[in-house]
Amino acid sequence: MKALLLGANGAVGGHIRTALLGAGHQVTAAGRRAPQDGLSIDVSGSDLGDLAAAAREHDVTINASGVENPNLGQAVGDSTLLDISASSNYLKQLRAVAPRASMILGVGLAPGLSTMLAASLDHVPGDDIDVALMLGAGEKHGPAAIEWTQRLIGAPIEDPPEGHKVMNFREVSSFKDAGQRRRYLRADFPDHHLLGKDRGIQVRNYFALGSPAATNALALVARIPMSRRLISAVPPFGSQRWSIVVKNRRTGQTRGASGTNQSRATGVLTARAVQEMVARGVSGTVSMSDLLEVDGLGLPGIEID
């Protein structure tokens, strides 16, 4: 495949590029600031002419830029859009603006691998499934990831399964991760949009950092939204280990995945999604759980329980 990679200058983009090249694909790197031997493409505004022209020459367009512009789905034309964003409202808008476009949404850890894990649980309509994501506090994240976290603080979860307002990072639950019980905070990852509604199940996402102190600090900031800017001042510390735990409340069945370095994991998952496109093709809008099954995934650096 010929892939156009938006956000190639970022940490996630760099890993995606390495993984795609390793799988034998051709990659054109692009960013607001042109990468070496790449293209300068700004997707943050209303004029997406440069993107449209470049996308015409590529089979897939991967949005790892962190920019959430709902017009991307239309702008890429016949090129399949892979978007790694974790924002519920944005992914919902992408579907609404470009209902006939070929798109794979939620290509990352959560949503993405988390969606696949949740789909692998035995379930029937009406079941409640919890998805708990832990990210290592020692991994350095780019401005887009920090801005995403800040945006959730003081904001309600988009269309929660409860049917009433639920605030980000305020509801607390605990899950076992590698034999250790950990505190998690309710957060607006879009698994309930990408998986829950289609299958008639109630999906709730929770988030924690590898450092319990950092998770507690996030919960405190959520109570004082004016302090959200403090997040960008916190330096990385601790490990880079990440983990996902999913649980069906009715049956008690659980599954999990873990690894080190969230950005690298997103890179290999994206390359695997492109490989599946080569084998099967994509029509319309799909999620990672529509495209791949977690059993037999066999990706380096990702351990499935």
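The values are calculated or read from the model by the stated rules, or taken from the named source; none is laboratory data. Only a predicted model underlies this, so the values are computations on that prediction, with no experimental measurement involved. Please note: Cβ atoms are built from the backbone with ideal geometry, for glycine as well, and neighbour counts cover all protein chains shown. Protein only, heavy atoms only, side chains kept; ligands, DNA and RNA dropped before computing areas. Shrake-Rupley method; radii C 1.70, N 1.55, O 1.52, S 1.80 Å.
So if I place +1 on the C-beta of Lys and Arg and -1 on the C-beta of Asp and Glu, and nothing else carries charge, what would the dipole magnitude of the chain be about its Cα centre? I want it in debye, nearest 20. Please report the intermediate quantities before stating the final value.
Numbers: 31 positive and 29 negative charges, 184 e Å.
Dipole size: approximately 880 debye.
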Query raised in the report: On the accessible surface of the stretch 47-149, probed at 1.4 Å, how many percent belong to carbon and sulfur atoms?
Result: 48 percent
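Tell me, what is the percent relative contact order of the chain, built from C-alpha pairs under 8 Å that lie six or more residues apart? Write out the running numbers ahead of the final one.
Working: 658 pairs, mean separation 67.4, N = 305.
Relative CO of the chain lands at 22 percent.
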Report summary line: When the chain is treated as a Gaussian network with springs between alpha carbons less than 10 Å apart, the largest mean-square fluctuation among 83, 188, 37 is found at 37
Report task. Mind checking the per residue accessible area of the stretch 79-182 for me, 1.4 Å probe, whole number of Å²? Result -> 38 Å²
Query raised in the report: Within the accessible area of the stretch 168-223, what % is carbon and sulfur when the probe is 1.4 Å and the other protein chains stay in place?
Result: 49 percent
Query raised in the report: If you add up the charges near residue 298, with Lys and Arg at +1 and Asp and Glu at -1, over every other residue whose beta carbon is less than 13 angstrom from its beta carbon, what do you get?
Result: -3
Query - Linear extension gain, residue 278 paired with residue 260, 0.36 nm per residue minus alpha-carbon span - result: 3.7 nm
Query raised in the report: So, counting K/R as plus one and D/E as minus one, what does the shell of residues with Cβ under 13 Å around residue 174 add up to?
Result: +3
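Per residue, how large is the accessible surface of the stretch 216-305? Use a 1.4 angstrom probe and give square angstrom. If you can, show how the numbers build up before the last one.
Values: 4680 Å² over 90 residues.
Averaged over the residues of the stretch 216-305, the accessible area is 52 Å².
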Query raised in the report: Along the charge dipole of the stretch 30-173, Cβ charges K/R +1 and D/E -1, which of 106, 39, 90 sits furthest on the positive end?
Result: 39
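Using alpha-carbon pairs under 8 Å, 6+ residues apart, how would you state the relative contact order of the stretch 175-305 in percent? If you can, show how the numbers build up before the last one.
Details: 114 pairs, mean separation 25.0, N = 131.
Relative contact order here is 19 percent.
Count the lysine pairs in the chain whose Cα atoms lie under 24 Å apart, taking only pairs 8 or more positions apart in sequence or on different chains. Can you show the working numbers first?
Details: 92/165; 92/197; 165/197; 165/247; 176/247; 197/247.
Within the chain, the lysine pair count is 6.
Give the whole-number value, in cubic angstrom per residue, of the convex hull volume spanned by the C-alpha atoms of the stretch 122-193. Let's see the in-between values first.
Working: hull volume 9.0 nm³, N = 72.
So the per-residue Cα hull volume is 125 Å³.
May I ask you to derive the relative contact order of the stretch 1-68, considering only C-alpha pairs under 8 Å and at least 6 residues apart, and to give it as an integer percent? Show your work: numbers first, answer last.
Details: 115 pairs, mean separation 29.3, N = 68.
Worked out over the stretch 1-68, it gives 43 percent.
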Query raised in the report: From Cα coordinates alone, what are the radius of gyration and Dmax values for the chain in angstrom?
Result: 18.3, 53
Report summary line: Once the mean of 1/r over all distinct C-alpha pairs in the stretch 97-137 is inverted, the Kirkwood radius in Å reads 12.5 Å
Query - Label zone at residue 1 (point 7 Å along Cα-to-Cβ), backbone N below 14 Å, the stretch 117-160 - result: none
Report summary line: In nm, the gap between the two label points placed 7 Å beyond Cα toward Cβ at residue 40 and residue 219 is 4.8 nm
**Report entry** Segments 2-12, 208-218, 120-130 sorted - mean Cβ within 10 Å per residue, highest first
**Finding:** 2-12, 208-218, 120-130
Query raised in the report: Where in the stretch 239-278 does the amide nitrogen come within less than 18 Å of the point 7 Å from the Cα of residue 124, taken along Cα to Cβ?
Result: 248-254
**Report entry** Among 192, 15, 25: highest mean-square fluctuation, GNM of the chain, C-alpha pairs under 10 Å
**Finding:** 25
Report summary line: Nearest-0.05 FRET efficiency for residue 100 and residue 295 at R0 = 41 Å, using Cβ-Cβ distance, is 0.85
**Report entry** Segment residue 229-residue 173, extension gain: residue separation times 0.36 nm, minus the distance between their alpha carbons
**Finding:** 17.6 nm
